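A quick write-up on the structure given underneath.
The values are calculated or read from the model by the stated rules, or taken from the named source; none is laboratory data. This is a predicted model, so every value here is computed, not measured. Counting neighbours? That spans all protein chains shown, and the Cβs are built from the backbone with ideal geometry, glycine included.
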Amino acid sequence: GEDVEQSLFLSVREGDSSVINCTYTDSSSTYLYWYKQEPGAGLQLLTYIFSNMDMKQDQRLTVLLNKKDKHLSLRIADTQTGDSAIYFCAGTGFQKLVFGTGTRLLVSP
Amino acid sequence: DTAVSQTPKYLVTQMGNDKSIKCEQNLGHDTMYWYKQDSKKFLKIMFSYNNKELIINETVPNRFSPKSPDKAHLNLHINSLELGDSAVYFCASSQATSGGLTGELFFGEGSRLTVL
């Protein structure tokens with residue numbers, strides 16, 4: 001089955017850029033997603049990228065996809081304290097999403 | 001209006017008891033899921049239903065029994081609760097795209113189960 005790995009923690013200062021990385025094993029995922037989970041809440045979709053794209057920009061968010069290395073990243077520009085949360089990457093399988101291990105982003109003032 | 005709602009939000013119970021968690025979605029989606037998030041925040045799929053039919057059962061003990069009375073509802077009943085069942089259980093829904101690929105998932109706020 002699909003394995004999706006992420007680093008567990010990232011700490012940045014407000015105003016810096018954050019880069020969250022994800023590696024996956026199943027290259028057949030048609031879409032790759034980034035979800036955000038705030039404390040005590042469910043996951044919310046942040047952005048996604050179609051597998052035939054290398055990059056997608058959405059306001060402060062930039063998603064980069066390297067299919068050869070099976071590597072996905074999420075860059076958050078001008079990180080704010082409100083961005084502190086757990087970020088999950090996810091790949092599409094047949095009839096389900098497989099989530100990564102999650103990266104806890106801590107933004108300090 | 002809440003899109004995916006789960007009840008209860010918190011559940012504290014003794015080992016050996018039986019409990020249920022309910023989920024409802026008003027998005028008109030045809031697929032619903034139960035995910036389990038453990039204390040390390042790892043998120044694993046347990047079940048999914050498409051139009052009331054079970055399509056995924058991911059090696060979950062048979063003490064866990066999902067039921068989908070209609071495509072807007074998916075409940076989870078757990079028998080003989082064990083300490084290891086303590087977790088946050090998330091319900092989610094999606095509209096399957098053509099070919100069976102999963103579209104965006106919409107999550108409920110989670111039900112935190114604590115087994116003492």
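Evaluated against (1) surrounded by 17 or more Cβ atoms within 10 Å (Cβ to Cβ); (2) farther than 24 Å from B:PHE107 by Cβ; (3) under 15 Å from the mean Cα position of the chain (by Cα), A:ASN66 falls short on exactly one condition, (1).
Where residues in the stretch A:74-89 are part of a loop (DSSP other than H, G, I, E, B) and either closer than 15 Å to A:LEU8 by Cβ or touching a Ser or Thr at 6+ places or on another chain (Cβ under 9 Å) (or both), which of them is farthest from the other protein chains (Cβ to nearest Cβ)?
Taking the stretch A:74-89 and keeping what is part of a loop (DSSP other than H, G, I, E, B), we get A:77-80, A:84.
After this cut, where a residue has to be either closer than 15 Å to A:LEU8 by Cβ or touching a Ser or Thr at 6+ places or on another chain (Cβ under 9 Å) (or both) as well, the list is A:77-79, A:84.
On the way: A:ALA77: 23, A:ASP78: 26, A:THR79: 20, A:SER84: 14 Å.
Ranking the candidates gives A:ASP78 first.
Just so you know, in the stretch A:27-73 the residues that are among the charged types (D, E, K, R) and outside any strand (DSSP E or B) include one that is nearest to B:GLN25 (Cα to Cα), and it is A:GLU38. Of all residues in the stretch B:85-97, those satisfying the criterion of being touching a strand residue (DSSP E or B) at 6+ places or on another chain (Cβ under 8 Å) and either outside any strand (DSSP E or B) or among the aliphatic types (A, V, I, L, M) (or both) are B:ASP85, B:SER86, B:ALA87, B:VAL88, B:ALA92, B:GLN95, B:ALA96. Of all residues in the stretch A:90-109, those satisfying the criterion of being in a strand (DSSP E or B) and either of a type in the set (Ser, Thr, Tyr) or under 19 Å from A:ALA41 (Cβ atoms) (or both) are A:ALA90, A:THR92, A:LEU97, A:PHE99, A:THR103, A:ARG104, A:LEU105, A:LEU106, A:VAL107, A:SER108. Look at (1) closer than 30 Å to B:THR59 by Cβ; (2) surrounded by fewer than 19 Cβ atoms within 10 Å (Cβ to Cβ) and you find that A:TYR87 fails only one, number (2). Checking the structure you have, find out if any residue of the stretch A:25-44 is within 14 Å of chain B (Cβ to nearest Cβ), crowded, with 18+ Cβ neighbours inside 10 Å and without any contact (Cβ under 8 Å) to a residue 40 or more places away in the chain. Yes; the residues of the stretch A:25-44 include at least one that is within 14 Å of chain B (Cβ to nearest Cβ), crowded, with 18+ Cβ neighbours inside 10 Å and without any contact (Cβ under 8 Å) to a residue 40 or more places away in the chain. All of (1) over 19 Å from A:LEU46 (Cα atoms); (2) modelled with pLDDT of 95 or more; (3) within 14 Å of another protein chain (Cβ to nearest Cβ) hold for B:GLY100 with one exception: (2).
Among residues that are at pLDDT below 95, surrounded by fewer than 17 Cβ atoms within 10 Å (Cβ to Cβ) and out of contact with any strand residue (DSSP E or B) (no Cβ under 8 Å at 6 or more places or on another chain), B:GLY28 is included.
For the stretch B:34-49, a tally of residues being within 7 Å of chain A (Cβ to nearest Cβ) and touching a residue at least 12 places away in the same chain (Cβ under 8 Å) returns 3.
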